[in-house]
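The values are calculated or read from the model by the stated rules, or taken from the named source; none is laboratory data. A quick note: this is a predicted structure, and the numbers were derived from the prediction, not measured. Backbone-built Cβ (ideal geometry, glycine too); neighbour counts: all protein chains shown. The area values use the complete protein model at the heavy-atom level, side chains included, leaving out ligands, DNA and RNA. Shrake-Rupley method; radii C 1.70, N 1.55, O 1.52, S 1.80 Å.
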Amino acid sequence: MSFLFLLSNCSSDDNNEPEMPVNSDVKTKAGTTNGAAYKVFYQETSQPSTRRGLIILAVGDGGNENDATLNAQCTALADKGYVAITTTYRTNSEYYAGFKEDMEQLITTETTAFSIARNKVVLGGLSRGGNRLHGAVLPANPQNNSYPIEGIKGVILECAGGDVWKGKSILYPVLFMNNKVDNTVQTPDAETFVNGLQENVNPGVKDKSKTLIVPGAGHCTNANQYKDFIINNIDSWF
């Protein structure tokens with residue numbers, strides 16, 4: 001597992017819209033799953049044999065499928081040959097079970113549409129979207145009605161928090177981005193999740209996971225830097 005610590009001043013947050021890359025080859029299409037809207041980014045000229053994988057990124061509280069931070073990430077991913085999706089999810093369903101159901105339906109719909117194998121799917125989320133994702137990538141917890149999604153490639157967690165147990169138990173390799181201290185999430189110190197990752201014995205998780213810890217306190221501070229971290233590391237899983 002590798003670690004990266006940003007040494008720049010933390011001055012921006014996820015309310016600052018990053019500049020969207022311009023690429024005429026990247027197309028978009030709209031969709032819905034269980035009434036929740038999503039937006040797909042892809043290269044129209046790509047063939048099933050050259051599509052690298054499907055990356056799904058769930059928005060945070062109050063976000064929508066046009067979330068600027070995630071749309072910029074998806075545009076950059078599509079530019080590399082991935083099919084990338086910014087998605088909402090039902091907020092009036094069970095916290096973990098409803099989220100998993102929405103993601104399962106989205107995976108089925110878009111892997112079929114783009115002829116991508118399930119084992120080339122990466123699930124991610126920003127803030128609340130990542131927090132809900134925890135329940136789908138950790139061992140089953142019947143008490144919370146949370147059960148893992150099976151057969152995917154990896155996980156992207158953006159300012160979603162996580163404790164030692166989650167780091168030790170996560171079932172898939174993870175790209176983890178967080179402020180060093182984030183009082184918005186349940187476990188404020190991001191190092192607790194990182195320490196747990198170092199003890200993770202699930203196949204491939206420890207060796208294939210990478211973390212970006214932003215110095216200082218804040219929630220999704222410098223989230224515009226997450227894009228480069230994802231783009232620079234996602235290929236290692238494929």
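Summing -39500 (n - 2.57) over the DSSP H runs of n ≥ 4 in the chain and dividing by its residue number, what mean residue ellipticity at 222 nm do you reach, to the nearest 500 deg cm²/dmol? Theoretical 222 nm ellipticity from helices: -7500 deg cm²/dmol.
If I take all pairs of Cα atoms in region 163-234, what percentage of them are more than 18 Å from each other?
Roughly 38 percent, rounded to a whole number.
Can you give the accessible area of TYR96 in Å² (nearest 10), computed on protein heavy atoms with a 1.4 Å probe? Approximately 50 Å² of TYR96 is accessible to the 1.4 Å probe.
In terms of the Cα gyration tensor, with a ≥ b ≥ c the square roots of its eigenvalues, is region 195-238 rounded because a/c is under 1.5, prolate because a/b exceeds b/c, or oblate? Oblate is the answer for region 195-238, as a/c is 1.5 or above yet b/c matches or exceeds a/b.
Using a 1.4 angstrom probe on heavy atoms only, work out the carbon and sulfur share of the accessible area of the chain in %. Carbon-and-sulfur percentage of accessible area, whole number: 45.
Think of each Lys and Arg Cβ as +1 and each Asp and Glu Cβ as -1; about the Cα centre, that makes the dipole of the chain roughly 600 debye.
Its Cα gyration tensor gives region 73-209 an equivalent ellipsoid, and the semi-axes of that ellipsoid, as √(5λ) in whole Å with the largest first, are 23, 17, 15. The listed residues ASP235, ASP207, once ranked by accessible area (1.4 Å probe) with the largest placed first, stand as ASP207, ASP235.
When the surface is traced with a 1.4 Å probe over the full set of protein chains, THR187 keeps roughly 30 Å² accessible.
Give me log10 I(q)/I(0) at q = 0.14, 0.16, 0.23, 0.24 Å⁻¹ for region 21-108, Debye formula, one equal scatterer per alpha-carbon, no solvent. Those come out to -0.47, -0.60, -1.09, -1.16, one per q.
Checked against a 32 Å cut-off, the cross-linked pairs LYS27/LYS180; LYS27/LYS168; LYS27/LYS206; LYS120/LYS166; LYS29/LYS166 give Cα-Cα distances beyond that limit for LYS27/LYS180; LYS27/LYS168; LYS27/LYS206; LYS29/LYS166. Report, in whole Å, the centroid distance computed from the Cα atoms of region 113-188 and region 197-228. If you average the Cα positions of each part, the centres end up 11 Å apart. Here ASP182 sits with roughly 0 square angstrom of accessible surface, probe radius 1.4 Å.
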